[in-house]
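Enquirer: Please read through the structure below; I'll follow up with questions.
The values are calculated or read from the model by the stated rules, or taken from the named source; none is laboratory data. Quick caveat, the model's predicted, so the values are computed rather than measured. Reconstructed Cβ throughout: ideal geometry from the backbone, glycine too, with neighbour counts over all protein chains shown. SASA here: full protein model, heavy atoms, side chains in, ligands and nucleic acids out. Shrake-Rupley method; radii C 1.70, N 1.55, O 1.52, S 1.80 Å.
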Amino acid sequence: MLTHTVEEGPLLNRFRVLWDEIAPIGRDARSGGYLRYALTEPELRLREWFRAQADERGMPVAEDGNGNLFAWWGDPDGREAVLTGSHFDSVPHGGGYDGPLGIVSAWLAVDELRAAGVTPDRPLVVATFVEEEGARFGVPCLGSRLLTGQIDVDRAAALRDAAGVSFAEALGARPAGADPALVGRFAAFVELHVEQGRALVEQDAPVAVASAIWPHGRWRFDFTGEGNHAGTTRMADRRDPMLTYAFTVLAANKEARLRDAHATVGRVTVEPNATNAIPSRVTGWLDARAAEPQTLTGLVEAVRAKAVERARRDGTEVALTEESATPLVAFDHGLTDRLARLLAAPVLPTGAGHDAGVLAAQVPTAMLFVRNPTGVSHSPAESATDPDCAAGVVALARVLKELTCR
């Protein structure tokens with residue numbers, strides 16, 4: 001029964017060695033958070049570290065043409081492979097565990113299996129997916145969406161970051177897009193991730209199995225009005241899109257609370273962005289999530305309706321564009337139940353999106369969560385203890401042995 005942490009021993013030491021190798025990469029000295037945007041220098045360094053880890057273990061690395069890397073233990077052309085891993089990229093000033101913990105744990109799980117003399121009957125594959133957070137190019141899980149054909153290749157290639165660099169330019173080529181042959185070689189995907197809440201703290205357990213991911217998405221609100229002088233324009237004559245934007249943020253908060261859902265506006269741009277100028281345009285991005293699809297649809301529609309009504313009163317205009325949407329993801333019930341029994345671990349839902357949620361449409365998929373004492377994520381306060389992380393490695397190794405050994 002996996003109810004305890006790993007308090008001492010070589011595994012704990014090996015975890016700290018690997019973790020210390022990547023911990024300084026991309027860390028911002030001011031905030032203590034990470035700036036590991038997809039295909040930028042810090043993330044590229046981590047991808048080289050990934051290749052070096054694969055080389056040390058004699059695992060050849062293959063690229064899929066979309067920025068995703070796959071290291072194979074076993075026949076690189078084999079079938080019924082078991083996939084594990086996560087991502088390196090972060091949100092702006094995010095925590096260090098979201099993503100990298102799953103990759104470090106995968107390497108250590110491979111080491112644990114080899115030390116125990118295990119030789120998998122099926123290939124075992126460690127992956128790193130590109131642009132999971134969507135912090136650079138705006139679409140989350142971009143690499144896994146491309147691999148599984150869940151985003152148009154031309155659209156993905158043309159996505160641009162804040163500096164105007166396209167995804168294709170950053171990648172160095174037009175993305176390859178869907179690869180059904182590669183996806184079809186995976187019999188299962190298990191992603192280990194730090195918990196993004198405090199359920200495991202409350203249950204006094206170091207590891208859990210995920211049951212489902214709430215439906216969620218990102219919507220862009222474009223508010224337009226009339227730019228003018230802050231000092232000479234009468235209040236009655238203004239067509240200020242900032243007012244419409246501010247009302248919409250408050251409306252999103254209210255509508256989400258009424259539905260027991262989540263709504264966040266955490267990103268905004270303003271034109272011309274001058275202290276003494278009434279804005280001509282404000283763009284805000286809504287992140288919305290709910291336990292049920294119909295609740296999410298109702299939430300977004302209610303916020304849109306409130307924004308349109310407020311725009312009429314303000315003399316402004318508003319346009320809503322869906323940038324990404326992920327339906328309710330219920331992980332493979334048979335696999336989830338099997339792993340929960342194997343680990344004697346609690347089963348938890350999550351409101352956060354993951355590459356596992358994208359792969360789940362085509363590959364039997366499960367997730368493991370490692371306890372996060374603070375419950376905070378996407379922030380420097382995100383954390384996990386070394387003993388709990390080691391317990392996560394033990395759990396992942398047991399799962400991978402169960403799935404790869406007939």
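Enquirer: How many Å² of accessible area per residue for the chain, probe 1.4 Å?
Expert: Heavy-atom accessible area per residue stands at 41 Å².
Enquirer: Here's another thing I want to ask about it. Name the residue from 120, 374, 9 whose Cα lies farthest towards the positive end of the charge dipole of the chain, charges +1 on Cβ of Lys and Arg and -1 on Cβ of Asp and Glu.
Expert: Comparing the listed Cα positions along the dipole, 374 ranks first.
Enquirer: OK, next. At a probe radius of 1.4 Å, what is the per-residue accessible area of residue 182, in Å² to the nearest 10?
Expert: For residue 182, solvent-accessible area is about 20 Å².
Enquirer: What accessible area, in Å² to the nearest ten, does a 1.4 Å probe give for residue 247?
Expert: Counting only protein heavy atoms, residue 247 exposes about 60 Å² to solvent.
Enquirer: Of all DSSP beta bridges located in the chain, what percent are antiparallel, nearest 5?
Expert: Beta bridges within the chain, antiparallel portion: roughly 70 percent.
Enquirer: Take every DSSP beta bridge whose two residues both sit in region 19-167, then give the antiparallel share in percent to the nearest 5.
Expert: Taking every DSSP beta bridge with both residues in region 19-167, the antiparallel ones total about 65 percent.
Enquirer: Length gain on complete extension for the stretch residue 160 to residue 17, per 0.36 nm per residue less the alpha carbon to alpha carbon distance?
Expert: 47.9 nm
Enquirer: What are the radius of gyration and Dmax of the chain, computed over its Cα atoms and given in Å?
Expert: That works out to 22.4, 79 Å for Rg and Dmax.
Enquirer: If amide hydrogens are placed 1.01 Å from N in the peptide plane, which non-local residues have theirs closer than 5 Å to the one on residue 212?
Expert: Counting only residues 5 or more places away or on other chains, the set is 331, 350.
Enquirer: A follow-up question, please. Hey, rough spin-label estimate for residue 57 and residue 333, points 7 angstrom out along Cα→Cβ, what's it come to in nanometres?
Expert: Going from the residue 57 label point to the residue 333 one covers 3.3 nm.
Enquirer: Would you tell me the accessible area of residue 144, worked out with a 1.4 angstrom probe on the heavy atoms of the protein chains, in Å² to the nearest 10?
Expert: Surface open to solvent at residue 144 totals about 0 Å².
Enquirer: Leaving out ligands, DNA and RNA, what percent of the accessible area of region 50-130 is carbon and sulfur, probe 1.4 Å?
Expert: 44
Enquirer: Non-local amide H neighbours of residue 228 (under 5 Å, H modeled in plane, Pro and chain starts lacking H): which ones?
Expert: For residue 228, the qualifying residues are 278.
Enquirer: Now, a different point. So, in Å, what gap is there between the alpha-carbon centers of region 316-340 and region 45-85?
Expert: 27
Enquirer: Is it possible to state the helix-based mean residue ellipticity at 222 nm for the chain, with each DSSP H run of 4+ residues giving -39500 (n - 2.57), the sum divided by total residues, to the nearest 500 deg cm²/dmol? What is it?
Expert: The per-residue figure over the chain is -11000 deg cm²/dmol.
Enquirer: Now, a different point. Tell me, what HN-Hα J-couplings in whole Hz come from the Karplus equation 6.51 cos²θ - 1.76 cosθ + 1.60 at θ = phi - 60° for each residue of region 132-147, using x for Gly and Pro?
Expert: Along region 132-147, the couplings run 5, 6, x, 6, 9, 10, x, 10, x, 6, 5, x, 6, 5, 5, 4 Hz.
Enquirer: Taking a spot 7 Å from the Cα of residue 232 along the direction of its beta carbon, which residues of region 248-291 have an amide N less than 15 Å from it?
Expert: Backbone N within reach: 276-278.
Enquirer: Another question about this same structure. Tell me, what % of the accessible area of region 147-261 is carbon and sulfur with a 1.4 angstrom probe?
Expert: 51
Enquirer: Quick one: putting +1 on the C-beta of Lys and Arg, -1 on the C-beta of Asp and Glu, what dipole do you get for region 139-260 around its Cα centre, in Debye to the nearest 20?
Expert: 300
Enquirer: Can I ask one more? If the only charges are +1 at each Lys and Arg Cβ and -1 at each Asp and Glu Cβ, what is the size of the charge dipole of the chain around the Cα centre, to the nearest 20 debye?
Expert: Charge dipole of the chain: 820 debye, to the nearest 20.
Enquirer: For the charge dipole of the chain, defined by +1 on Lys and Arg C-beta atoms and -1 on Asp and Glu C-beta atoms about the Cα centroid, which residue among 78, 351, 34 has the Cα displaced farthest towards the positive pole?
Expert: Projecting each Cα onto the dipole axis, the largest value belongs to 351.
Enquirer: Given the options 91, 363, 321, identify the residue whose Cα lies farthest towards the positive end of the charge dipole of the chain (+1 on Cβ of Lys, Arg; -1 on Cβ of Asp, Glu).
Expert: My answer, from the dipole projection, is 321.
Enquirer: For region 332-373, which whole percent of the accessible surface, found with a 1.4 angstrom probe, sits on carbon and sulfur atoms?
Expert: 54
Enquirer: What number, in nm² with one decimal, is the all-direction average of the projected area of the convex hull of the alpha-carbon atoms of region 49-164?
Expert: The orientation-averaged projected area of the Cα hull of region 49-164 comes to 8.0 nm².
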